[in-house]
Amino acid sequence: MDQLVTLHDKHFKVFISEQEIAETVNRMATNIKTDLGERQPFFLVVLSGAVVFAADLIRAFARPCELDFVKASSYDGTSSKGSVDLEFRWKQNLEGKAVIIVEDIVETGNTITRLYAELQKAGAASIRVASFLFKKDRYHQAHPIDYYGLSIGNEFVVGYGLDYNGLGRELKQLYVLA
Ligand code: 5GP
Ligand code: MG
């Protein structure tokens, strides 16, 4: 359980267990169900990091839903580079849809702010955000993070879909710099 993992030049230790991750995802899915009632969500998954969380979230949600992807990148190594590139975007029509942006982690909010603007242009009926992790102290944007799993500090984390320069996404637990 407490083993270290090495990715490139850095060592990481376990931060959040598989069991806590599963409980957190289930709680988020329940909250989304309660809020949406009969409305069917359109989950817009922000690649690449959110793909693992999204796979768990839609199965925990366990009701009809739609799914598409957008690829955004704002990170270089272990720090945010500020600008957000949309490398590719969804193909489906989002007009009138109850869109839920699915993120692995929200930090500055640059990524979701960029997406909000794009989704408004695309005619989404509502736009919510479901992020597994939230670096609350780093966030200074106006719109609320509707659903977040765990609030963390400034630490750099990997695992459960999150990478360090391309590695570590397959780790089942969440890790932090040792
Ligand atoms: P934001 O645009 O909110 O500043 O950052 C969001 C993106 O930055 C996330 O989707 C994620 O790709 C990346 N990111 C932010 N914090 C971390 C972290 O601690 N670890 C990793 N691996 N990526 C992070
Ligand atoms: Mg992300």
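Couple of notes before you dig in:
- Förster radius 41 Å - calculated FRET efficiency between Gln3 and His140, Cβ distance, rounded to 0.05: 0.70
- Simple Cβ-charge dipole of the chain, Lys/Arg +1 and Asp/Glu -1, about Cα centre, in debye nearest 20: 320
- Lysines whose Cα lies under 19 Å from that of Lys97, excluding same-chain neighbours fewer than 8 positions away: Lys33, Lys121
- Dimensionless Rg/Rh of the stretch 16-104 - Kirkwood Rh, Rg from C-alpha atoms: 1.00
- Compared with the dominant Cα axis of the chain, that is its longest principal axis, helix 110-121 is turned about 10°.
- A Förster radius of 41 Å, combined with the Cβ-Cβ distance separating Gln19 from Arg89, puts the computed FRET efficiency at roughly 0.70.
- For the stretch 66-162, the per residue solvent-accessible surface stands at 44 Å², with DNA, RNA and ligands left out and a 1.4 Å probe.
- P(r) weight above 21 Å for the stretch 82-152, C-alpha pairs, percent: 24
- P(r) of the chain over all Cα-Cα pairs, binned every 5 Å from zero, in whole percent: 1, 8, 18, 21, 21, 15, 9, 4, 1, 0
- Backbone amide hydrogens, once placed in the peptide plane, bring Ile101 within less than 5 Å of Leu44, Arg128, Val129, Ala130, excluding anything fewer than 5 places away on its chain.
- Extension gain, Arg27-Glu170: 0.36 nm per intervening residue step, less the Cα-Cα distance, totals 49.2 nm.
The values are calculated or read from the model by the stated rules, or taken from the named source; none is laboratory data. Since this is a predicted model, take the numbers as computed values, not measurements. No Cβ is skipped: glycine too gets one built from the backbone with ideal geometry, and neighbour counts run over all protein chains shown. Just so you know, the surface numbers come from the protein's heavy atoms only, side chains and all, with ligands and any DNA or RNA stripped out. Shrake-Rupley method; radii C 1.70, N 1.55, O 1.52, S 1.80 Å.
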